[in-house]
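Since the structure comes first, as structure tokens, the remarks are kept for the end.
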Amino acid sequence: MARPKRPPHPMLRVARAHLNKLAPELRNARLRMRQLDGPPGSPRYAVSVDMCGDVASCPYHVTDTEKCPIFACSQRRAIRLLLSREGELLQVINDDLRWEK
């Protein structure tokens with residue numbers, strides 16, 4: 001008998017709400033969340049999202065954006081959200097970097 005599926009982390013819903021306000025074009029992109037360790041008052045969660053603009057015009061001829069080996073690409077739109085334990089948005093980093101591998 002299979003075990004029931006684990007529900008998604010509640011902080012992903014909070015991150016998705018922040019992302020919808022900041023970058024609605026990334027609404028359907030996959031979120032990747034990491035729990036951070038640090039002193040009190042520091043960010044507790046890092047949520048990364050990235051999406052390539054147009055796979056057909058990729059200068060590196062990558063067809064699957066999930067397996068893209070390029071660290072920094074001008075075709076990529078990437079955002080990293082740093083959140084507190086309560087879900088407060090502490091910092092937003094806009095870049096073309098792949099934060100998670």
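Take the Cβ atoms of His61 and Lys5, set R0 to 35 Å, and the FRET efficiency comes out at 0.45. Note that the chain, at 25 °C in a medium of 0.890 mPa s, gets a Stokes-Einstein diffusion coefficient of 165 µm²/s from its Kirkwood radius over C-alpha pairs.
Between Ala17, Ala78, Ala56, the GNM of the chain built on Cα springs shorter than 10 angstrom shows Ala56 fluctuating the most. Helix 10-22 axis versus longest C-alpha principal axis of the chain: approximately 50°, rounded to the nearest ten. Under the combined filter of DSSP loop state and at most 10 neighbouring Cβ atoms within 10 Å, the range 71-101 retains these GluC sites (Glu not before Pro): Glu86. Between Leu22 and Phe71, the distance separating the two model label sites (each 7 Å from Cα on the Cα→Cβ line) works out to 2.2 nm. On the beta carbon distance between Asp96 and Leu12, with R0 = 30 Å, the FRET formula returns roughly 0.80. Quantify, in whole percent, the carbon and sulfur part of the accessible surface of the chain (1.4 Å probe; protein heavy atoms only). That fraction is 53 percent.
The values are calculated or read from the model by the stated rules, or taken from the named source; none is laboratory data. These figures come from a predicted structure and were not determined experimentally. Every residue, glycine as well, gets a Cβ built from its backbone with ideal geometry; the counts of neighbours run over all protein chains shown. Only protein heavy atoms, including side chains, enter the accessible area calculation; ligands, DNA and RNA are left aside. Shrake-Rupley method; radii C 1.70, N 1.55, O 1.52, S 1.80 Å.
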